[in-house]
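The values are calculated or read from the model by the stated rules, or taken from the named source; none is laboratory data. As the structure is a prediction and not an experimental result, all values here were calculated from the model. Ideal geometry is used to build each Cβ from the backbone, glycine not excepted, and the neighbour counts take in all protein chains shown. Note: areas computed on protein heavy atoms with side chains; ligands, DNA, RNA excluded. Shrake-Rupley method; radii C 1.70, N 1.55, O 1.52, S 1.80 Å.
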Amino acid sequence: MWLGVLLNITLLAYYKYTDFAIFNLNLILDSTLPYQNILLPIGISFFTFQLIAFLVDSYRGETKDYGLVNYLMFMTFFPQLIVGPIVHHKDVVPQYENLKQALPRYKNIARGGFLFAIGCTKKLLIADPLSNWAQSAFDVADTLNTLESWAASLSYTLSYYFDLSGYADMAIGLGIMFGIKLPMNFNSPYKARNFADYWRRWHMTLSKFLGDYIFRNVYDKTKGDFNFYLALFVTFFISGFWHGAGWTFVVWGIINGVFVIASHMMIKAKKRLPFFLAWTMTFIGVIATRVLFVANDFSDSYYVLVKMFSFSDFENTTHLAIIQPLYLLFGMVLVLAFPNSSQLLERYKPTVKYAGITALLLTLSLFNMSYVRGFLYFQF
Amino acid sequence: MKKYSTWIYITAGSTLALIILASIIGKYFFVGPVYNPALFKFEDSTKTVIIGASHSATSMDTDYIEGALNVAMSGEPLYFSYYKAKALLKNNPQIKDVIVAISPIHVAQYSDKYLFQGNAGSRSSAMSYYYLIDDLSDPLINKLSSDNIIAYLKFHWGLPFNYMSDLKVVVNY
């Protein structure tokens, strides 16, 4: 088993972390080793996770009933292969067993199509413009004023959610069309009242994987609170490292880990802030940590964060699109006041109203389909 | 199950109807009036136009060339500059001289290969300049590329691709 796990991790390390290793070697040894610029296979972080989980569980004897066809299906089911949801074999392989469920059914196609339309809208109509604005602002991060820094960071925070959850909706929608129920990946994360709550709602399949295969291997119930917090810290450290080959991602993981530990400490101490205060602090924390994700380096992150929280520089606002504030307001209303995609799917009925909404969403998505931007998680 | 099959047909039909409606609106009220080479009319005093990419855009000062207008755009492929010049000359018979600054990169094989590649850069060029092409049999057009198909559907059939970006142009953003 360890040989298999090592082989998978070696491949991931080679493709994803070679240049990161060279960067660090150059830094430590003061050398000029050339970067390899290795092309990253799309979704390698995702299918490597699935493979490792499968290997570990096979070693534990939990997959002995699976046939080769089901294994291949598990590893190549295209809707979720490249950006998740990260699927555990227990979630889907039993579904492959009953092939009758996988046959096309009108009900599945209708429900899946409705969810797919929601995902398209999130990605093409909301995430892409916000992402464009955020990226173009962060390209000149060291020139932004306070207002621009907040607008760019909030734009990225919202676009990140709509991008990822939009893809998840499309993947889950396609899965439903094929008769395969994929796990939910986002549960209104920006409604969270603390960081522990946020991470239970954000990229839930990744959290589950890290919980099952990292946290549980470090955590020992008999060793008390310190071990619990240490396990959380290690899990988030690895999560940061997984998210990107750069120290900004590692620091992002560490800060998230610290925030989650602080949340658990407050919960254990039975200290509860008023909801609005707790939500505001959490959301500002999410926005601030996202700066590390999008900024090119620590220097840019530091500059933007200082500008954001100094509330001192409001002159010469040029990196703010005319309709960007409207978009941001619209995005905030959607994430805070509207039901999420899973809730919308539960409310779905095959009525004319839903047919009209679906048709409108698909057509509006087509309106913005010319400049196809990659999904933000394609880089992972 | 019948209600679901009916729902699928209604949704598909409505989507198609909306796309057709948007295409008609797009063709006659948006693509036609906005992406129209016939609108390229300059004042009679304009006798010289400067076209091309950044080399032309940034190195030719019209203050020093009498009756000149610089319409070069940074990053503009020379291929599209040719069609741009054609449209300008057709609609402005008063133009006597066309100036274009060319560097090796503009005429390298790389530049032709860059056209209709289906990547973000070539898509951007296609969506900005495709309507200027008056000869679709041009061998440099990769007929089966997504750039060509999307641009053709948009500029000839009015399909509503890229409205969001176009709207930004229209509202001068």
Quiz prompt | Verdict on B:Ser74 being in contact with a helix residue (DSSP H, G or I) (Cβ under 8 Å, 6 or more places away or on another chain), farther than 28 Å from A:Asn368 by Cα, modelled with pLDDT under 90 and surrounded by fewer than 14 Cβ atoms within 10 Å (Cβ to Cβ) | solution = no
Practice problem: Looking only at segment B:33-43, decide whether some residue is within 15 Å of the chain's Cα centre (by Cα) and within 14 Å of chain A (Cβ to nearest Cβ). | Solution: yes
Quiz item: Do any helices (runs of 4 or more DSSP H) lying entirely in segment A:56-137 carry at least 3 residues that are at negative phi and open to solvent by less than 10 Å² (accessible area, probe 1.4 Å), and which ones are they?
Solution: A:89-97, A:106-120
Quiz item: Give me the pairs: first residue in segment B:1-19 and more than 7 Å from chain A (Cβ to nearest Cβ), second residue in a helix (DSSP H, G or I) and aromatic (Phe, Trp, Tyr), beta-carbon distance under 9 Å, and six or more apart or on different chains, which are they?
Solution: B:Lys2/A:Tyr106; B:Thr6/A:Tyr106
Quiz prompt | Among (1) out of contact with any Gly (no Cβ under 7 Å at 6 or more places or on another chain); (2) modelled with pLDDT under 90; (3) within 14 Å of another protein chain (Cβ to nearest Cβ) - the single one A:Arg105 does not satisfy | solution = (1)
Practice problem: State yes or no: is B:Met60 away from chain A (no Cβ under 14 Å), open to solvent by 80 Å² or more (accessible area, probe 1.4 Å) and not small (Gly, Ala, Ser)? | Solution: no
Quiz item: Across segment A:342-366, which residue is nearest to A:Ile172 (Cα to Cα) among those that are surrounded by 16 or more Cβ atoms within 10 Å (Cβ to Cβ) and among the hydroxyl-bearing types (Ser, Thr, Tyr)?
Solution: A:Ser342
Exercise. Considering only segment B:119-158, state which residues are within 13 Å of another protein chain (Cβ to nearest Cβ), crowded, with 19+ Cβ neighbours inside 10 Å and not in a helix (DSSP H, G or I).
Key: B:Gly158
Quiz item: Checking A:Ser149 against (1) modelled with pLDDT of 90 or more; (2) open to solvent by less than 50 Å² (accessible area, probe 1.4 Å); (3) more than 14 Å from chain B (Cβ to nearest Cβ); (4) within 21 Å of the chain's Cα centre (by Cα), which test does it fail?
Solution: (4)
Quiz item: Are any residues in segment A:342-373 of a type in the set (S, T, N, Q), more than 7 Å from chain B (Cβ to nearest Cβ) and in contact with a Ser or Thr (Cβ under 7 Å, 6 or more places away or on another chain), and if so, which ones?
Solution: A:Ser365
Practice problem: Report, ordered by the first and then the second residue, all pairs with beta carbons closer than 7 Å, sequence separation of six or more or different chains, a first member in segment A:57-71 that is in contact (Cβ under 8 Å) with a residue 12 or more places away in the chain, and a second member that is open to solvent by 40 Å² or more (accessible area, probe 1.4 Å). | Solution: A:Tyr59/A:Met1
Quiz item: Under the condition of being under 24 Å from A:Arg193 (Cα atoms) and touching a residue at least 60 places away in the same chain (Cβ under 8 Å), which residue from segment A:243-265 is most open to solvent (accessible area, probe 1.4 Å)?
Solution: A:Phe259
Self-check item: Subset of segment A:327-367 (residues that are in a helix (DSSP H, G or I) and basic (Lys, Arg))
Solution: A:Arg347, A:Lys353
Quiz item: In this structure, does A:Phe49 turn out to be free of Cβ contacts under 8 Å to residues at least 60 places away in the same chain, surrounded by 20 or more Cβ atoms within 10 Å (Cβ to Cβ) and either of a type in the set (Lys, Arg) or in a helix (DSSP H, G or I) (or both)?
Solution: no
